[in-house]
1. Given Gly213, Gly193, which one is part of a loop (DSSP other than H, G, I, E, B), surrounded by fewer than 17 Cβ atoms within 10 Å (Cβ to Cβ) and free of Cβ contacts under 8 Å to residues at least 60 places away in the same chain?
2. Among the numbered criteria (1) buried (at least 19 other Cβ atoms within 10 Å of the Cβ); (2) under 28 Å from Pro10 (Cα atoms); (3) out of contact with any Leu (no Cβ under 8 Å at 6 or more places or on another chain); (4) in contact (Cβ under 8 Å) with a residue 40 or more places away in the chain, which one does Trp185 miss?
3. Could you give me the residue pairs with C-beta distances under 7 Å whose first residue belongs to region 33-48 and is assigned to a strand (DSSP E or B), whose second residue is polar (S, T, N, Q) wherever it lies, and which are 6+ apart or on separate chains?
4. Within region 123-179, work out how many residues are of a type outside the set (D, E, K, R), in a helix (DSSP H, G or I), surrounded by fewer than 18 Cβ atoms within 10 Å (Cβ to Cβ) and out of contact with any strand residue (DSSP E or B) (no Cβ under 6 Å at 6 or more places or on another chain).
5. I'd like the residue in region 49-72 that is assigned to a helix (DSSP H, G or I) and among the hydrophobic types (A, V, I, L, M, F, W, C) and, out of all such residues, is farthest from Asp5 (Cα to Cα).
6. Is it true that Ala58 is buried (at least 21 other Cβ atoms within 10 Å of the Cβ) and under 15 Å from the mean Cα position of the chain (by Cα)?
7. Out of the residues in region 216-241 meeting the condition of being in a loop (DSSP other than H, G, I, E, B) and polar (S, T, N, Q), tell me which one is farthest from Gln48 (Cα to Cα).
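Rule-based calculations on the coordinates, nothing more; no lab input. Predicted model only: the values in this text are computed from it and were never measured. For neighbour counting, all protein chains shown are included, and Cβ atoms are generated from backbone atoms with ideal geometry for every residue, glycine included.
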Amino acid sequence: MTPSDLETVPAECSALVLFSGGQDSTACLAWALTHFERVETIGFDYGQRHAIEMTTRARVLERFPEVFELARTRLGDDHVVDLKGFGRVAESSLTREQEIRMGERGLPNSFVPGRNLVFFVYAAAVADRRGIDHLVGGMCETDFSGYPDCRKDTLEAMQTVLNLGIERPYRIDAPLMFLTKAETWALTHQLGGDALVDLVLEDTHTCYMGERGQRHEWGYGCGTCPACELRARGFEQWRNR
């Protein structure tokens, strides 16, 4: 299938993946390529401290066709949106130099208020222009930091808002919603075998600190931020299952 052929795939058979280049969005990309005939990706530069993810996501996309056969015929365009203005408004420890700690509301101060909601609004606008009905995100409410915009109820409400506001039959797919991190590792292996797991280990980025200097068994990262701790614990549980 050529790039021009991809654009003729019906909207209901097409998906736009919110792709940060991390472990979860990489698993979601493989899932989407398995379920849809045409898949595009979108990334967001919101002034995140771990801006290295904007570089690593490009590397992951470049390598995907090497390790995942369906990507050779189904993976289409990548879109990058500049949201630095939003990042300056919705300040958190992910957008400025600040120690990650628990806040007064019972949420870690790494929570960027409304981040996923904003992501979906921009993704829906791109999807409308591209003729795509499915929006795929790696949100999860099982092993997560408690962010309210990662919960199933939030995404269901967001889907309703987008359908009403844009008058398009969008569906938000969150294939990891009720998976633990160990189960996400297992799904990655199920979808793409050792080659896809190796890609996750070597090229994806999850660490909030943007650390790429130290390689652990579970990949690169500082090893102490919440994202690294979740990834490391999940990898250990999956490996010892």
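1. Gly213
2. Answer for Trp185: the failing condition is (2).
3. Cβ pairs passing all conditions: Arg38/Ser14; Gly43/Ser20.
4. Of the residues in region 123-179, the ones of a type outside the set (D, E, K, R) are 123-127, 131-132, 134-140, 142, 144-148, 150, 154-155, 157-166, 169-170, 172, 174-179.
From what's left, in a helix (DSSP H, G or I): 123-127, 148, 150, 154-155, 157-166.
Now restrict to residues that are surrounded by fewer than 18 Cβ atoms within 10 Å (Cβ to Cβ): 125-126, 148, 157, 160-161, 163-166.
When the remaining residues are screened for being out of contact with any strand residue (DSSP E or B) (no Cβ under 6 Å at 6 or more places or on another chain), the result is 125, 148, 157, 160-161, 163-166.
Counting residues in region 123-179 that are of a type outside the set (D, E, K, R), in a helix (DSSP H, G or I), surrounded by fewer than 18 Cβ atoms within 10 Å (Cβ to Cβ) and out of contact with any strand residue (DSSP E or B) (no Cβ under 6 Å at 6 or more places or on another chain) gives 9.
5. Just the residues of region 49-72 that are assigned to a helix (DSSP H, G or I), to begin with: 52-67, 71-72.
From what is left, the residues that are among the hydrophobic types (A, V, I, L, M, F, W, C) are 52, 54, 58, 60-61, 64, 67, 71.
On the way: Ile52: 33, Met54: 28, Ala58: 23, Val60: 23, Leu61: 20, Phe64: 20, Val67: 22, Ala71: 14 Å.
Ranking the candidates gives Ile52 first.
6. When the stated conditions are applied, Ala58 does not pass them.
7. Of the residues in region 216-241, the ones in a loop (DSSP other than H, G, I, E, B) are 217-218, 221-225, 240-241.
Those still in the list that are polar (S, T, N, Q) too: 224, 240.
Numbers: Thr224: 18, Asn240: 33 Å.
The qualifying residue farthest from Gln48 (Cα to Cα) is Asn240.
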